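Remarks on the structure that follows.
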Amino acid sequence: MKVIKRDGSTVEFDRKKIVTAIGKANEAVDFEDRITDAQIKSIVDDIASRHRRRVLVEDIQDMVEEKLMELQKYQLMKSYILYRYERALIRKANTTDESILSLIKNSNKDVMEENSNKNARTASTQRDLIAGEVSKDLTRRILLPEYISKAHDEGAIHFHDADYFLQPIFNCCLINIKDMLDNGTVINGKMIESPKSFQTACTITTQIIASVASSQYGGQSVNIAHLGKYLRRTKEKYKKQCDEKFGDTIDAETKKRFVEMRLAESLKAGVQTIQYQINTLMTTNGQSPFVTLFMYLDDKDEYIEENAMIIEEILKQRYEGIKNEKGVYVTPAFPKLIYVLDENNCLKGGKYDYLTKLAVKCSSKRLYPDYISAKKMRENYEGNVFSPMGCRSFLSPWKDENGNYKFEGRFNQGVVSINLPQCGILAKGDEKKFWEILEERLQLCYEALMCRHNALSGVTSDVSPVHWQYGAIARLQPGEKIDKYLHNGYSTISLGYIGLYEVTKLVKGVSHTEPEGTKFAVKIMNTLREHCEKWKKQTGLGFGLYGTPAESLCYRFARIDMERFGSIPDVTDKGYYTNSYHVDVRENIDAFSKFTFESQFQQISSGGAISYVEIPNMRHNLTAIEDVVKFIYDNIQYAEFNTKSDYCHVCGFDGEIIINDDNEWECPVCHNKDQRKMNVTRRTCGYLGENFWNVGKTKEIKSRVLHL
């Protein structure tokens, strides 16, 4: 039996600790109120005999109290409760020493691997992680009601980002970059005026991104269409300089070529500034800014030609990659790229199809960009096309006092996710029981989400001037409360969910891709959505249903349920749950059928949704990728590509590892053949973690799940 301690760690069941605790209480009461050693042993035996794979330490203590009540030893029970209380006071005085010291010693594996964008060995990152451990501890013990903390520890729900809950900051946002560039902003107490050139605009944009990232914990998105104006300003400046310098001494065609040459140089330098700054800047939370660039060519945009040039340069530089410390071009983690497909670029003879072909080429090598269908998005969001926030959650349509839709300058208050498979496990095949459990768990989610909202209520603009006073979100006065931006749907608050496939298997006995399973899965999704709409109506808050792209949570929920309920075929035995509504990776389904099937769930999950397909050997399958991109435009709102991911730990090469004439994997750059220093991921079973080496078979890469 595994025991879950109050700090969330797992230890083996220890009989001696229960014996010691009862013994201490026994010594504190009169002789006639005591129990014998045999009775103490009987209590411990009873707890051990329950054969629970996973139990909270508080549950064990409750069991002890129940047994003492059965023995009618009320004074002893009172003494035991007092002992519990005294121990609780000691814990509250100091509960983070062990976790913090383990961070410094680089032995806290869970925290160190929680965020791949953080190097947990550096002092700056450790400083943020230490603060996070303190925040998680205070959140669990003091800030959250005990029943919500317990539900999180038991894997019933997941209270996201508890490591930042102590601070009055929010999740993710769409920066109002247009306002900040056009009207100026202030960073670190210094005035930054509206830029006069494209390169300056790019520099200021990265400064804004870094400042924003340091004062929130989620991602941010920037619409690069607002940079087109500044590229035109640069072009006009070069025309003027050319006229002033050369006058009529050179012909118009030569002037044009001169201006185009200078403009191309500025364009390349500006985009390079964005790429290098984002990848080299370190925010105050010890990582590169989690930022997404949104690339949309709107026919109504007067700067569409300039924006097409910017998009082209972004894609070219992403395709090339960025050099690591060994001088090898690798794929940068940020900025993430989202490319919008519309009538003018959906590979059906549009003016900007050449950009989409470049995007496809980029995806084949660097996986990004992701793709959004403007056509499907307009169907789902009242005719609007806009970027998801950095965490891939979507805002709901909202109009200002003039009746105009507004998306930039809005944000997400936070996320709580529900473990759907656990509801199915507890129902034991009884569908009526499942709906009762789901209703209880949704109420729990609502109360946890309200904790997120209440933590932001009453906060003043001084907590983050770049957000609240200088334009990223608003232009409030110092000391002014942010409350009006929390209500009436201006910001969102998200209900996430994991494991629609598994819960359908548990309750209906079939995959959610089967007709009977699909009907049940859609009913679950509609129930989740209806609750969000009901909560929105009750509170005026922007509740949204969010198809959580939280891969680590898929493993956490599955691990907890495996420990608690044991191995359940096709559920806990896999070691992971499927993400949100996704089709399980082991199902034999083609890309087009997968997107068609999953699109129905994206429409319901309007607070955020993304689907992906895996295409083998993407670099040699450009035509296939183009076919899928065409299909995306007509059939699904938001999609991305995956493929096998190869990586050489010697030189940093992240391309396709070759198999040489000796049938060995070999890095094509440094020719490393030590396969223990290469990561070659195979997704036969859907396992996405690190491969390992089995004893005595050093030439065989193995999956931790199916042992391939």
Counting Lys +1, Arg +1, Asp -1, Glu -1, what net charge surrounds THR513 among other residues with beta carbon under 14 Å of its beta carbon? -3
Give me the accessible area of LEU263, 1.4 Å probe, in Å² rounded to the nearest 10. 10
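If you take the square roots of the eigenvalues of the alpha-carbon gyration tensor of segment 566-628 and sort them as a ≥ b ≥ c, do you get rounded (a/c under 1.5), prolate (a/b over b/c) or oblate? Provide the component values of the computation, followed by the final result.
Values: a/c = 2.63, a/b = 1.38, b/c = 1.90.
It comes out oblate by the Cα gyration axes.
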At what distance in nm do the modelled label points of ASP573 and GLU516 sit from each other, each positioned 7 Å from its Cα along Cα→Cβ? 2.0
Solvent-accessible surface (1.4 angstrom probe) belonging to ILE192, in square angstrom, nearest 10: 30
Can you classify segment 1-81 as rounded, prolate or oblate using the Cα gyration tensor, where a ≥ b ≥ c are the square roots of its eigenvalues, rounded means a/c under 1.5, and otherwise it's prolate if a/b beats b/c and oblate if not? prolate
If R₀ is 30 angstrom, what is the calculated FRET efficiency for the pair GLU265 and ASP301, using the beta carbon separation as r and rounding to 0.05? 0.80
Let's test the formula: R0 of 51 Å, r as the Cβ-Cβ distance of ASN454 and GLN241. What FRET efficiency results, to the nearest 0.05? 0.35
Shape call for segment 364-490 from the C-alpha gyration tensor, a ≥ b ≥ c root eigenvalues: rounded (a/c under 1.5), prolate (a/b greater than b/c) or oblate? oblate
Across LYS300/LYS537; LYS519/LYS594; LYS150/LYS536; LYS240/LYS357; LYS235/LYS348, pairs whose alpha-carbon gap is larger than 24 Å: LYS300/LYS537; LYS150/LYS536; LYS240/LYS357; LYS235/LYS348
Can you list the residues, at least 5 places off or on another chain, whose amide H is less than 5 Å from the amide H of LEU341, using H built in the peptide plane? ILE372, SER373, ALA374
Spatially proximal aspartates and glutamates relative to LYS323 (Cα-Cα < 12 Å; intrachain offsets below 8 disregarded): ASP654
Modelling each spin label as a point 7 Å along the Cα-to-Cβ direction, I'd like the ASN188/TYR276 distance in nm, to one decimal. 1.9
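Can you give the FRET efficiency to the nearest 0.05 for ASP627 and LYS432, using r as the Cβ-Cβ distance and R₀ = 56 Å?
On the way: r = 45 Å, r/R0 = 0.80.
According to the calculation, E is roughly 0.80.
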In Å, what Rg and Dmax follow from the Cα atoms of segment 315-360? 13.7, 42
What nm distance separates the two modelled labels at LYS16 and PHE592, each placed 7 Å from Cα along Cα→Cβ? 6.6
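The values are calculated or read from the model by the stated rules, or taken from the named source; none is laboratory data. All figures in this text were calculated on a predicted structure; none of them were measured in a lab. Glycine also receives a Cβ, built like all others from the backbone with ideal geometry; neighbour counts cover every protein chain displayed. When the accessible area is computed, the model is the full protein with side chains, heavy atoms only, and any ligands, DNA or RNA have been set aside. Shrake-Rupley method; radii C 1.70, N 1.55, O 1.52, S 1.80 Å.
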